[in-house]
1. So residue 59 fits all but one of (1) within 23 Å of residue 7 (Cα to Cα); (2) at pLDDT below 85; what number is the exception?
2. Looking only at region 24-46, count every residue that is outside any strand (DSSP E or B) and under 17 Å from residue 8 (Cα atoms) and tell me the total.
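The values are calculated or read from the model by the stated rules, or taken from the named source; none is laboratory data. What you see is a predicted model; the values in this text were computed from it and never measured.
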């Protein structure tokens, strides 16, 4: 996750000095439809708290394939509940059924 965050910071914050990221803390594991989400948080070298969502989509129909895993990092000015992060950042998922377990 640290490499992902470093690359995102380099790409989207070109006017800032490079930074490092502290320990990633798991906030919550959520299930939605046939997907799993892990919401993590960490502080960067500037003291800002980042939210990182790791998601695993439903497996494909091929029995030997691994389900796709992806990551999304965001810096929020407000501290959101993990469910709010999913609702705010991935509204198309909520639109499908309207709830997260």
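1. Evaluating residue 59 over (1) within 23 Å of residue 7 (Cα to Cα); (2) at pLDDT below 85 leaves (1) as the failure.
2. 3
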